[in-house]
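Remarks on the structure that follows.
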Amino acid sequence: MKQDERTPFVQALRRARMSAYPPGEFVGQESFMRASEIRSLATQAGIAHGESVLDLCCGVAGPGRFITRELGCTYLGVDLSASAIEIARECARDLPCRFEVSRIPPIPPGPFDVVLLFETMLAFPEKETLLKEISGALKPGGRFAFTLEEGLPLAEAERESMPDADTVWLTPLQEMLTRLERVGLVVRWRDDCSRSHLAVADSLIDAFAADAADIAAQIGPRALEELLAAHRLWSNWLREGRVRKFAFVAEKAETPRTSTTTSF
C-alpha cells in the first residue's frame, strides 16, 4: 500500500479509536457513529441483499464495508482522497465493493436503490446542488440515508477557533427539511443521536490524549493538537446544544408530488 497522506493517520489513530468505542462498535469508521447506529440507519434505509448502494465521501469505507458484509448489498464508494480509496480497496478485497476517486459533486448517475452520506454533509457549503444530484441518482422509491450536523452557521469567532473551518457548514433543521422537499425527497425516519455522539467524542478525546506520544510520533504534534482541538469543540457544542446530530432516511417519490405513507 502506498504510504501517503491518509495512511499515517489511519495507522496512528487506529489503536486509540478501537479503545474509544464499546466492544463490537468499531468497524473502521472515522466518525462518531457506532457500528450499531450504522447498521440501524442502513436497516431503516432498506438495505438488503442485492440492493445497489452508493456511498458518498466514503473515506476508507469502514461503514460501507461493514454494511456490505452484514447486509449483502452491492456497493460503490466514492471519495476525493486517492489514499483513502487505496486503503478501502485493500481492506475490501473479499467483498463485492467497488471504489472510485472523484470530486463530489458530480456523483455517479446510477440509478441506485440507496445513497449514503455519513458525517460529511457539513463539508458542502452548497447543499441543494448536492441534494439534486442525489435525488437524480436514486431510483423512484430509492432512499437517501445520511447524518446531519444541525445548527446555525458558524460565527466568525467560531470559525477562527475551528481547525479546517472551511469544511464546516452547519445547517438548521428546517432549512434541510425544506431543501429535501424541494428536490423530491420525503423524510421517512429521523433520529436524534446527539447524546451518543457526544459520548463517543469524549471517549475519543480521552483515547487520543492517552496515546498522544505514539500518535504525535506518527503524524506530528501539530496535527495531533488540531485533532484534539476539533474534537473538544464538537464535544462542547454537542453538550451545550450548539449543534445537534441527526440521522435521516428520505425517500424519493415514485412520481413527482406524490405522497405516500410508506416508512422504513
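Each reported figure results from applying straightforward, stated rules to the coordinates on display, with no laboratory input. None of these values were measured; they are calculated from a predicted model. Glycine also receives a Cβ, built like all others from the backbone with ideal geometry; neighbour counts cover every protein chain displayed.
Points to keep in mind about this one:
- Per residue of the chain, the DSSP helices (runs of n ≥ 4 H) give a summed -39500 (n - 2.57) that works out to -13500 deg cm²/dmol at 222 nm.
- If only the Cβ of Lys and Arg carry +1 and only the Cβ of Asp and Glu carry -1, the dipole of the stretch 55-102 around its Cα centre is close to 100 debye.
- For GluC sites (Glu not before Pro), the sites in the stretch 124-171 that DSSP calls loop and that have at most 16 other Cβ atoms within 10 Å are E126.
- Magnitude of the charge dipole for the stretch 1-142, about its Cα centre and with charges confined to Cβ atoms of Lys, Arg (+1) and Asp, Glu (-1), is about 260 debye.
- When you filter the trypsin sites (Lys or Arg not before Pro) in the stretch 54-129 for DSSP loop state and at most 15 other Cβ atoms inside 10 Å of their Cβ, you are left with R93, R103.
- Cα long-axis angle, helix 62-71 against the chain (0 to 90 degrees, to the nearest 10): 50 degrees
- Among Q44, T7, V168 - extreme Cα towards positive end, dipole of the chain, charges at beta-carbon: Q44
- Taking every DSSP beta bridge that has both ends in the chain, the antiparallel portion is near 45%.
- Nearby aspartates and glutamates by direct alpha-carbon distance to K245 (threshold 17 angstrom, same-chain neighbours under 8 apart not counted): E30, E37, E119, E149, E150, E175, D191, D192, D202
- Charge-dipole axis of the chain as Lys and Arg at +1 and Asp and Glu at -1 on Cβ define it, positive-most pick from V186, P23, I205: V186
- Relative contact order of the chain, defined on C-alpha pairs under 8 angstrom at six or more residues apart (%): 21 percent
- Considering only P172, P96, P23, the Gaussian network model of the chain with Cα springs below 10 Å gives its largest mean-square fluctuation to P23.
- Test item: Cα-centred dipole of the chain, Lys/Arg +1 and Asp/Glu -1 on Cβ, debye: 640 debye
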